[in-house]
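A short write-up of the structure that comes next.
The values are calculated or read from the model by the stated rules, or taken from the named source; none is laboratory data. As the structure is a computational prediction, the values presented were derived from the model and not from experiment. When we count neighbours, we look across all protein chains shown, and the Cβ atoms used for this are built from the backbone with ideal geometry, even at glycine. All accessible areas refer to the heavy atoms of the entire protein, side chains included, with ligands and DNA or RNA removed. Shrake-Rupley method; radii C 1.70, N 1.55, O 1.52, S 1.80 Å.
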Amino acid sequence: MYIGVISDTHGVFDPQFRDFLEPVDQIWHAGDFGGGMDLAAEIAAFKPLVGVAGNCDNYDLRFTYPLYRFFECEGLKVLMTHIGGYPGRYDPKARQLIDKYHPDIFVCGHSHILKVVNDTRRKMLVINPGAAGIQGFHLIRTALRFKIEAGVIKDMEVFNLER
């Protein structure tokens with residue numbers, strides 16, 4: 001399966017991001033959609049969407065997109081939440097979820113900083129796609145895409161767009 005990962009759109013889903021995500025089978029959104037249900041519906045109309053609500057998302061969106069999701073994709077266990085952190089510096093709520101579910105992939109957003117790192121202690125890949133929107137301190141807007149085949153992540157690509 002070909003996966004696109006975005007976060008922190010804050011109401012913006014530009015044509016350049018659509019072009020980058022056009023070949024993917026599914027989009028994972030790690031929260032802070034912004035724009036309420038309208039933007040989430042726009043992305044879901046473009047590609048199948050798995051998302052979580054972020055700290056800036058309204059209550060209407062939170063009825064459809066929970067604060068975290070745990071699911072399986074091509075033999076890998078995936079945990080997604082908005083505020084997550086990184087190995088050695090996990091948010092306490094995220095750490096509880098990680099310890100409960102033992103995912104192979106942990107996806108989060110919130111920091112607006114793209115980071116992909118192996119947590120060797122917990123044997124999982126931590127993915128933060130950075131921020132796709134224009135709100136925040138970041139200078140580069142980012143997204144990721146990769147393939148998962150038979151439990152293996154491969155061909156990861158980064159998209160960068162100046163703010």
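General remarks:
- Cys56 long-range amide H proximity, modeled H, under 5 Å: Asp32
- Cβ-placed point charges (K, R +1; D, E -1), dipole of the chain about Cα centre in debye, nearest 20: 660 debye
- Take every pair of alpha-carbon atoms less than 8 Å apart whose residues are at least six positions apart; their mean separation over the length of the chain yields a relative contact order of 24 percent.
- Mean residue ellipticity (222 nm) of the chain, computed from DSSP H runs ≥ 4 via -39,500 (n - 2.57), nearest 500: -5500 deg cm²/dmol
- Accessible area per residue (1.4 Å probe, heavy atoms of protein chains only) ranks Lys154, Lys93, Lys47 as Lys93, Lys154, Lys47, with the largest value leading.
- Rough spin-label spacing in nm, given labels placed 7 Å along Cα→Cβ, for Arg62 and Lys123: 3.5 nm
- Considering only Ala132, Phe63, Ile83, the residue lying farthest towards the positive end of the dipole of the range 1-132 is Ile83, judged by Cα position with unit charges set on Cβ.
- Computed over every Cα-Cα pair of the chain and binned at 5 Å starting from 0, the pair-distance distribution P(r) comes out as 2, 10, 20, 24, 22, 15, 6, 1 percent.
- Put a plus charge on the Cβ of each Lys and Arg, a minus charge on the Cβ of each Asp and Glu, and nothing anywhere else: the dipole of the range 35-109 about its Cα centre is then about 280 debye.
- Principal semi-axes in Å for the range 71-163 [√(5λ), Cα gyration tensor, largest first]: 22, 17, 10
- Pairs exceeding 27 Å between alpha-carbon atoms, taken from Lys123/Lys154; Lys93/Lys115; Lys93/Lys154: Lys93/Lys154.
- Size descriptor for the range 70-110, Kirkwood hydrodynamic radius: 10.2 Å (Cα pairs only, one decimal).
- Considered as an equivalent ellipsoid built on the Cα gyration tensor, the range 24-120 has semi-axes of 22, 16, 12 Å, the largest given first.
- The amide H of Asn160, built 1.01 Å from its N in the peptide plane, has no neighbour under 5 Å, considering only residues 5 or more places off or on other chains.
- Derived scalar couplings ³J(HN,Hα) [the range 74-89; Karplus, 6.51 cos²θ - 1.76 cosθ + 1.60; whole Hz; x for Gly, Pro]: 6, x, 10, 8, 10, 10, 10, 8, 6, 8, x, x, 9, x, x, 9
- Karplus-derived 3J(HN,Hα) values for the range 129-142, using 6.51 cos²θ - 1.76 cosθ + 1.60 with θ = phi - 60°, are x, x, 10, 8, x, 9, 7, x, 8, 5, 9, 10, 8, 9 Hz; glycine and proline are entered as x.
- Rg ratio for the range 117-163: its Cα radius of gyration over 2.2 N^0.38 Å, N being its residue count, equals 1.39.
- Of all DSSP beta bridges in the chain, antiparallel share, percent nearest 5: 70 percent
- Partners for Lys47 among lysines (Cα-Cα distance below 17 Å; same-chain residues under 8 apart left out): Lys147
- Loop-resident chymotrypsin sites (Phe, Trp or Tyr not before Pro) (DSSP state other than H, G, I, E or B) in the range 57-163 with no more than 14 further Cβ atoms inside 10 Å of their Cβ: Phe137.
- Each Lys or Arg adds one and each Asp or Glu takes one away; over the other residues whose Cβ falls under 12 Å from the Cβ of Glu162, this sums to +1.
- Across the range 105-156, Cα pairs under 8 Å and at least six residues apart give a relative contact order of 28 percent.
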